[in-house]
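The values are calculated or read from the model by the stated rules, or taken from the named source; none is laboratory data. As the structure is a prediction and not an experimental result, all values here were calculated from the model. Note that each Cβ is placed from the backbone with ideal geometry, even for glycine, and that neighbours are counted across all protein chains shown. All accessible areas refer to the heavy atoms of the entire protein, side chains included, with ligands and DNA or RNA removed. Shrake-Rupley method; radii C 1.70, N 1.55, O 1.52, S 1.80 Å.
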Amino acid sequence: MSFVSDTAKVFVRESRPTLYDPFTPVFSLVQPLVFLGLLGPLVAAMPTIPGESPWQWFVPGIVVMVALFGTAMTGSNLQYEMTTGSHERIMVSPLSRSAIMVGKALKEIAPLVVQAIVIVLVMLPFGFTLYPLGAILGLAILAVLGVGIGALSYSLALVSQGKEWLFWGVQQSLLFPLLILSGMMLPLEQGPDWMQTIAKINPLTYIVEAERALFSGDYSLTIVGPGIAAAVATAIVGLAVGILTIRRETE
């Protein structure tokens, strides 16, 4: 129970600034809405987009992108805390290191759920069909993924302490290739063989496919199962790396 209560304490502590500054999550919606408004019509015009509607294919990709970039920012928030001394204060508390890691990652997920709901509601008048159960399951998978990505971002911030250029360089060098090579924004079926080969070993590919299936009301385990496995594996690896890093930094 101490892990759960410690995680809840960290989550509340980390979420409190967002409650006093609700405009930050609102402004962070600008990027996905720009993608929907400018890239969406191009994707919708492609005759090769599968599914009942192009938006049913494109919107889940945008939701995954929001989750990916949002949780990957956990490390930048930590870097700010390290400059103000806030991070040192929480590290001398009796809270477990794993609870600190999970609590910080969960804090990034809560605004993303709100953003995903807003994106879906915005797209309903344009022909996007909402399958509530599938959407809830899809967001649950993204929450698990977010814990892993957030923990990895947290670890990167710790090892690049005092070198912000290193944090942003590594993050941007990894995020965009992962995004493009998962078919998140554009279909890869017509792409070169090497891109399709890399996509098959990219965990995000399976999560994106699972999200598209769930947001279309398809609960087939042959599609959703690999997505769940990829999200759980990312969370396990992320937490393992994160806990190991945080213990090494505090020894």
The stretch 151-251: Kirkwood hydrodynamic radius (Cα pairs, Å) comes out at 15.3
From highest to lowest solvent-accessible area (probe 1.4 Å; ligands, DNA and RNA excluded), Ile149, Ile119 read Ile149, Ile119
From the Cα centre of the stretch 46-118 to that of the stretch 207-240, the distance in Å is 17
The lysines whose Cα lies under 27 Å from the Cα of Lys107, excluding any fewer than 8 residues away in the same chain, are Lys9, Lys163
Over all directions, the stretch 198-238 yields a Cα convex hull whose mean projected area in nm² is 2.8
For the pair Thr222 and Ile136, the simple spin-label estimate (label points 7 Å beyond Cα toward Cβ) gives in nm 2.7
Which of (1) 32, 19, 17; (2) 40, 24, 11; (3) 37, 24, 15 is the computed semi-axes √(5λ) of the Cα gyration tensor in Å? It is (1)
Result row for the chain, helices from DSSP H with C-alpha axial extent 18 Å or more and mean Kyte hydropathy at least -1.0, is 2-20, 54-72, 97-123, 132-159, 164-180, 221-250
Here the FRET efficiency for Gln172 versus Thr83, based on Cβ atoms and R0 = 22 Å and rounded to 0.05, is 0.60
Computed, not fitted: 222 nm per-residue ellipticity of the chain from DSSP H runs ≥ 4 (each -39500 (n - 2.57)), nearest 500, equal to -25000 deg cm²/dmol
Sorting Leu186, Ala140, Val224 by the position of each Cα along the dipole of the chain (Lys, Arg +1; Asp, Glu -1; all at Cβ), the one nearest the positive end of that ordering is Ala140
Ranking Lys9, Lys107 from most to least accessible area with a 1.4 Å probe gives Lys9, Lys107
